[in-house]
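What follows is a set of notes on a single structure, which appears directly below.
The values are calculated or read from the model by the stated rules, or taken from the named source; none is laboratory data. Only a predicted model underlies this, so the values are computations on that prediction, with no experimental measurement involved. A quick note on method: Cβ atoms are made from the backbone with ideal geometry, for glycine too, and the neighbour counts reach across all protein chains shown.
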Amino acid sequence: MAKKTASEQPTEKPVEYRVLARKYRPQNFSELKGQEALVRTLSNAIQSGRIAHAFMLTGVRGVGKTTTARIIARALNCEKGPTVTPCGQCEQCRAIAEDRHVDVLEMDAASRNGVDEIREIIDSVQYAPVSGRYKIFILDEVHMLSKPAFNALLKTLEEPPEHVKFVFATTEIRKVPVTVLSRCQRFDLRRIGADVLEKYFSEMMVKENVEAEQGAVALIARAADGSARDGLSLLDQAISREPQKITEQQVREMLGLVDRSVTLDLFEAIMKGNSAETMALLDNLYKGGADALMVLQDLLDLTHYLTKTRVAPEVAKDQALPEAERVRGLALAQGLSVPTLTRTWQILLKGVPEIQHAFNPQLALEMLIIRLLYVSDQPTPGDVLKQLKDGSTVSMGAPSGGSAPRGTTIMSGGSAAVAAALGETETASVNNFNAVVALFGQHREIILQSQIMNFVHVVKFEQGHLSLRLKEGAPHGLVGQMSDRLSQWTGRRWVISLSREAGEPTLADARQGQQQDVLNEVKAHPVVSEVLKAFPGAKIVDIRDRK
């Protein structure tokens, strides 16, 4: 008999690679990470025999809902159970682990969400289990069931046979009808803490014989956002990029993250109003390939962390950050007020849709940062009121490295002055406040003219300077508009300051007073007085000057 050649020899089938999320899926309650409350409750229920007929597991993606459902199935059907610690060796446990147990039926409600599929379940619950202790139905993404499907399930869910258990899993608990929730024992699976995930991933790297820098593992744990499955997928990707050793720099490049120290440098430069340094840092990030939206997200995360550190330092200490970043962040937070941080958060947050929809995200990011630069050193409204009350001086200038913007406001000596930039127009002479008001009428600024007449009390008038007090209810921005228009029309800089002195009556009040004086004089005339007496109830409607 001829011998087979080497090419004819049967070759061994290569072992198919299993991703980490499947390879290290927890097989019992003790292996679940970050779900201590759920584990304690289910363990006590199983040990005491108080096992509910329906469980509702809810939480974000990747925290262990489907895994918990399968562990419940093993715990109830294990040959040594019901037990909190299924052996994993008996036929029942192995069949459930391999998804071939005839009494454990797992259904994806997202793809099978009709009433016909629910009718199949209803028909099968009447029959006893074939090999297991319980017949267990696991419905994943149960919120996707149609309304008729939910209604068809209600009666069976309320009074199922003793050998039947239901386990539901959903990421959107609000879409599940209350009538269904009331028939289930609900468990909310929490996001897994970054510190827990970091320790878990480090242990996994040891099992996989892969060297990984602690900083790299910490970055993946933070990027997972509380989801073990998301983190394991990122870990798989990192191992594929560099099987021998995972470095922090490689993970940053993979995730498109900016070095946290650079983010701190950028934030600090913005808060100082240093426009030159800020734009240089942004340019370096762009050249380094940093994504504009990711840079904004890092700034938002840092703003949140600094605000949290400012208001609750003890809580912020629990956040998984390197010690150097935590110390620097604490020092930075102590130098900033909460109103300043919240204002920064609002401006950055409003920039997210701008960058998402911009034709050039980098340009949109730069314009957003410039906007933030120009308010970084501006006092908050509360600070302005306090300092006005104290009579101190507050300067609201431009960022360092830049010129003062048009319309910059300066608070000085307990009064608010608005100095507008000079406009190159024809000069106009105004020698008194009446001339100022008349100038607004000449330029057809009728609304502004009316507001000035009704709300402005003149305290002092000089060429280029006007001191006044605003009447309660004055329109917002009136002083700034007056200053801007006068500077344009007269060709010189006008400084308008607010004063606490009473000042003269408004022009509207003065005119009304003059009219009242004339009216009183007319009423006192003998002829008019006799007429009013002869006709009770008569009124003087109008007075006209015959001249």
Within the stretch 201-238, considering residues that are touching a strand residue (DSSP E or B) at 6+ places or on another chain (Cβ under 9 Å) and touching a residue at least 40 places away in the same chain (Cβ under 8 Å), the one nearest to S261 (Cα to Cα): L235
Positions within the stretch 488-501 being out of contact with any Lys or Arg (no Cβ under 6 Å at 6 or more places or on another chain) and not charged (D, E, K, R), in sequence order: Q488, W489, T490, G491, W494, V495, I496, S497, L498
Number of the condition not met by G226 [criteria: (1) part of a loop (DSSP other than H, G, I, E, B); (2) more than 31 Å from the chain's Cα centre (by Cα)]: (2)
From V479, V518, residue being of a type outside the set (S, T, N, Q), under 20 Å from D542 (Cα atoms) and assigned to a helix (DSSP H, G or I): V518
Residue among R485, R493 that is within 20 Å of S450 (Cα to Cα) and either at pLDDT 75 or above or within 49 Å of the chain's Cα centre (by Cα) (or both): R485
Matching residues, the stretch 275-295, being touching a Pro at 6+ places or on another chain (Cβ under 9 Å), among the hydrophobic types (A, V, I, L, M, F, W, C) and surrounded by 19 or more Cβ atoms within 10 Å (Cβ to Cβ): A292
D283 being within 30 Å of R22 (Cβ to Cβ) and modelled with pLDDT of 85 or more: no
Residues of the stretch 439-449 satisfying the condition of being without any contact (Cβ under 8 Å) to a residue 24 or more places away in the chain and either outside any helix (DSSP H, G or I) or under 15 Å from G477 (Cβ atoms) (or both): R444, I447
Candidate set: the stretch 437-465, residues that are surrounded by 15 or more Cβ atoms within 10 Å (Cβ to Cβ) and over 44 Å from the mean Cα position of the chain (by Cα); chosen: the one farthest from W494 (Cα to Cα): M453
Flag if G537 is assigned by TED's automatic domain parsing to the domain that holds N454, without any contact (Cβ under 8 Å) to a residue 40 or more places away in the chain, surrounded by fewer than 11 Cβ atoms within 10 Å (Cβ to Cβ) and not in a helix (DSSP H, G or I): no
Condition met for I51 (free of Cβ contacts under 8 Å to residues at least 60 places away in the same chain and under 24 Å from V164 (Cβ atoms)): no
Qualifying residue in the stretch 139-154 (condition: over 30 Å from C90 (Cβ atoms) and aromatic (F, W, Y)): yes
Residue check for G59: over 43 Å from the mean Cα position of the chain (by Cα) and not aliphatic (A, V, I, L, M): no
Single unsatisfied condition, F55 versus (1) in a helix (DSSP H, G or I); (2) modelled with pLDDT of 90 or more; (3) of a type outside the set (K, R); (4) surrounded by 16 or more Cβ atoms within 10 Å (Cβ to Cβ): (1)
Flag if R186 is on the phi < 0 side of the Ramachandran plot and at pLDDT below 90: no
